[in-house]
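Asker: Input: one structure, supplied below.
Only the coordinates and a few stated rules stand behind these numbers; no lab work does. Since this is a predicted model, take the numbers as computed values, not measurements. In this analysis, Cβ positions are derived from the backbone assuming ideal geometry, glycine residues included, and neighbour counts consider all displayed protein chains.
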């Protein structure tokens, strides 16, 4: 059956006597509704259907299987395709466009995974998934932003409902959890047998509410906590904590593991985000401290390479040593304490004073000083400083 290109169809069809629909699998062609895939059944066009080059003769050069969006059993020429419709230099017809295909998804068209939201992280997920071989449908509130994504495996969904419908797995990557839930709930799709994963941080209560909405529509809900920067996700080196519907996770585990390291935490909704917080809570203050440490090196002409080398060598030892001592041993006598709450409280005050002297913000160490002072006032001044997490200065 010959293919019909858009320009040729535009000249042949008279929309007053029948309508056109976009092909979903034949490189963006259009077809007359009088008959699937061509106008051969339409008397007006039966003799005017143009011919495109024949598919590649695999005997001429190496070929590889078509992607899942093409006809089964065919092969794709590995020669460099040229042009929007991938006409190969060998004269055959390629498998798919070489740039983003921003045409709407046609009726019956399916993708492997949908990404709802194409911000910095959403875009990274789209690129990583497409690079892994997945056919990706994307939706964004502003279509222009979605269309900036490159890659032949990316198609644009015209609505959230469409994005949820065309793929067995939909990843919602938007700014906050409430927005994610509102988008899915407002779309009102049939999610029977499908999975919906949200990347937005949520409390267990919020995740349970989202899970209930997805479950009521017949689907399985997953929390998808991302412990990586967009550049790491884009390169396939993402780290993911996942919780929620175990069946949904097992169904899409292989897909997720193709773009990074995926760890299933628990069936309880929200468990992934709680795990993320437990692991990353120390990172932000540590990162701020390291950046301020670099500024101190700059002001005192200390070599940057020395600073980096020392931190990389010293921190792992101290982190392991600290975690091995928590919780504190039963012997809490003063003679067994190597660093007390009182000592660390004084150290925090000294650091704060010096940061101010250098013109750097001391707020973080002021807050730590208040915390240690509160522990001392509570009677733990001589206790091992690792008890500090049990105290608060903000009640």
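Asker: Express the relative contact order of the range 283-390 as a whole percentage, based on alpha carbon pairs under 8 Å and six or more residues apart in sequence.
Answerer: About 30 percent, as a whole number.
Asker: Be a star and scan the range 349-370 for residues whose amide nitrogen sits under 14 Å from the point 7 Å along the Cα-to-Cβ vector of residue 302.
Answerer: Residues 351, 354-355, 358 qualify, since their backbone N sits under 14 Å from the label point.
Asker: Normalised by the residues of the range 127-248, what does the relative contact order come to in percent, with Cα pairs under 8 Å and at least six apart?
Answerer: 19 percent
Asker: How do 247-253, 187-193 rank on mean C-beta neighbours within 10 Å, highest first?
Answerer: Output ranking for 247-253, 187-193: 247-253, 187-193.
Asker: Can you sort 135, 276 from fewest to most other Cβ atoms within 10 Å of each residue's own Cβ?
Answerer: 276, 135
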